[in-house]
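Read through the structure below, which is laid out as structure tokens, and then see the notes.
None of the figures in this text is laboratory data; all of them are computed from the coordinates on show. Just so it is clear, the model here is predicted, and its values are computed rather than measured. Note that we place each Cβ from the backbone using ideal geometry, even for glycine, and neighbour counts take in every protein chain shown.
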Amino acid sequence: MTDWGRRIICLGLTLAVIGAGRDGFDRWVDRTELPGVLAETSVELLDRSGQLLRAFPVENGRWRLATTLGDVDRGYLEMLIAYEDRRFYRHAGVDGRAALRAAWQAVTSGGIVSGASTLTMQVARLLEDSGTGNWSGKLRQARVALALERRLDKDQILDLYLTHAPFGGAIEGVRSASLAWFGKEPARLSLAESALLVALPQSPETRRPDRHPDAARSARNRVISLMQENGRIDGVSAQAAQAVQVPRVTHPFPLHAAHLGDALRREAPGEQRIDTTVDADLQTRVEALLRNRAVGFADGISIAAIVADPTNGEILASVGAAAYSAAEGRQGFVDMTRALRSPGSTLKPLVYAMAFDQGRAHPETIIHDGPVRFGTYAPQNFDGVFRGDVTVRRALQLSLNTPVVQLADALGPARIMATMRSGGAQPRLPGAAPGLAMALGGVGITLRDLVQLYAGLANGGRAPVLRDRPDAMSMADRIAGPTAAWHVADILREAPVPRGMPFGRIAFKTGTSYGHRDLWAVGWDGARVVAVWVGRPDGTPMPGAFGIEVAAPLLFDIFARLPEGMTPLPPPPAETLMVATSALPIPLQRFGGKAAGDERTGGPDLVFPPDNARLSGVDDGFVVKLAGGEPPYSVLLNGAPVLTGTFQREIMVQSPGAGFSTVVLIDANGQSDRVRLRID
């Protein structure tokens, strides 16, 4: 065999050995069992714009917020790569050049001068929680780093570093570090802040700025100096950044809408990101107001509040207690927006709206405020004084008890309860069947449900179901017609206000439950519904306290803190009847209470159209057929009289146009019937 033949054979054997070694190396890397790269991160509660409201710690109380490249300042990322791993985007997980340099320096100097750990190797160490002090550990990190580079792209590897890098104590990840050390998200970091976050992970405990400020400052300034030496920043910027003091304390992590966060996490236990409809700015304003106001209250008294948009059902702020703690016996961990309490007088507007809608009364109807008895039930006014004849408008503004109970009796407690439930609330009764006392607070209801009902009044009689997540909107049933809802708003807009508060800007109602256990204030303007509850979670009385004096000022203060200010209430619907008592149809001039015919044994009856009818082709009007009752009759369409004093039992009514309408028939005895219909 010639020399050339032997050389070719040797070359072939050498290449085969190299190839076999390479293939074996590849198989060795491919067989690498990677650690769990999806380690648990903190559950985040976010506001409507994605701003962090609250984060929940992971195991052992550690803060580890999921972080991606898009969350972090670009200058920080460039500094991190320049300082830690300049060839990050060129190597395959292990930087051979850096490894040779580190080995040569170690041999020639007799000790470690520089490291060769790449960012990918650091990610491998963080995911495995392995040390760096022995060769076997380094070899394992190199193997995992090579495997990571084959299975993830560079951006994904950087995301893992940004999420898992240690920054001292229980702080892991750049977002957690930026919030803890600087009190802000890392999207806009200064030069000094970026340098500190680059330096900390190399020795997070010995460089913690709250415990070792000098070491932290020195490490940060070395990063800044290197950036200047490499020409990445100028001398003036470097000098200014090095003069900045390092933070000496950590900022608390955001803890807003804490009770809402607890509830939503229970409802969706597997979600890492919980999006809400809450407005972070408004939420923090309301929390601060309630927290400051609670300082002046006696121990054990809590405050809760909700702000909602009645047009789409979105909850914009939800505060379950003045402080999320058990300090001063306030039981601050109890979410009082979801607790069943007695609503006091706050259900009265609903009763009046139903009475207006069903033709039982008009704001200018005269009603007698005097002693009444319904079986064994004899309601009294809160102050024990009777006013005699008053208008319905005045009765509601003064929150008189006997008039509203008379209206509730005429409507029927079961119908009121059904309206509350169809309107989206879930009231609870102390007994088996609803009674007249529910009009004065004899029913259990939550603050959320009260907001739901008032949202109906604020939204023309029908409101979307309240929601605290950006889900699809769903509508509750109508609790009253647009005219009836407007009448209630117009009445309550002129209710007496607490001293020093603006008059006529909002429609509002207060309430004080039996024994002064619950103080309420609920109101709305043209864009928002706000509700406030004050009391003790354990139900202990607050003698001498009233909703108008305690809860109402908070209500007005919350309205004053709305970013857009108070929005004017809407004008009346076109069909609204706005006349004096004497100009009303005779049956509406004075309320006569429930007559015998109200149980449908002899009262008037709207024979046609039937309830919930759908009419089409009636542009020129439609026929209304009447029966029963005592003529003459009055007919109201959407709250406005279209015919009075008629003895006819078949009349023609002009069409109000497409949409939903309500027709009410009233006879000479004040008895009534009503139907709802839809016109196409």
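For residue 53, enumerate residues with amide H under 5 Å from its amide H, sequence gap 5+ or separate chain, H modeled in the peptide plane.
Result for residue 53 returns 45, 46, 47.
What distance in nm separates the two pseudo spin-label positions at residue 49 and residue 538, each 7 Å out from Cα along the beta-carbon direction?
4.2
Restricting attention to the alpha-carbon atoms of the chain, what are Rg (one decimal) and Dmax (integer), both in Å?
Rg and Dmax of the chain, Cα atoms, are 36.0, 132 Å.
Please count, across the chain, the pairs of lysine residues with Cα atoms under 30 Å apart that sit 8 or more places apart or on different chains.
Working: 138/154; 154/184; 348/509; 348/594; 509/594; 594/625.
Counting lysine pairs in the chain gives 6.
Under the rule that an exposed site lies in a DSSP loop and has at most 15 other Cβ atoms within 10 Å, name the longest stretch of the chain with no GluC sites (Glu not before Pro) of that kind, not counting the sites themselves. Walk me through the numbers before you get to the answer.
On the way: sites that count: 33, 40, 205, 271, 494, 564.
Counting at most 15 other Cβ atoms within 10 Å as exposed, the longest clean stretch of the chain is 272-493.
Could you work out the relative contact order of the chain? I mean the mean sequence separation of Cα pairs under 8 Å and 6+ apart, divided by the number of residues, in percent.
Numbers: 1380 pairs, mean separation 68.8, N = 680.
It rounds to 10 percent for the chain.
Simple spin-label model, 7 Å along Cα-to-Cβ: residue 474 to residue 240 in nm?
Each label point is offset 7 Å from its Cα along the Cβ direction, giving 5.6 nm.
Based on the alpha-carbon gyration tensor of segment 596-679 and its eigenvalue square roots a ≥ b ≥ c, which shape applies: rounded if a/c is under 1.5, prolate if not and a/b is larger than b/c, or oblate? Could the numbers behind the result be given before it?
Working: a/c = 2.09, a/b = 1.66, b/c = 1.26.
It comes out prolate by the Cα gyration axes.
Expressed as a rounded percentage, what relative contact order does segment 569-680 have, with Cα pairs under 8 Å and six or more residues apart?
Relative contact order, segment 569-680: 32 percent.
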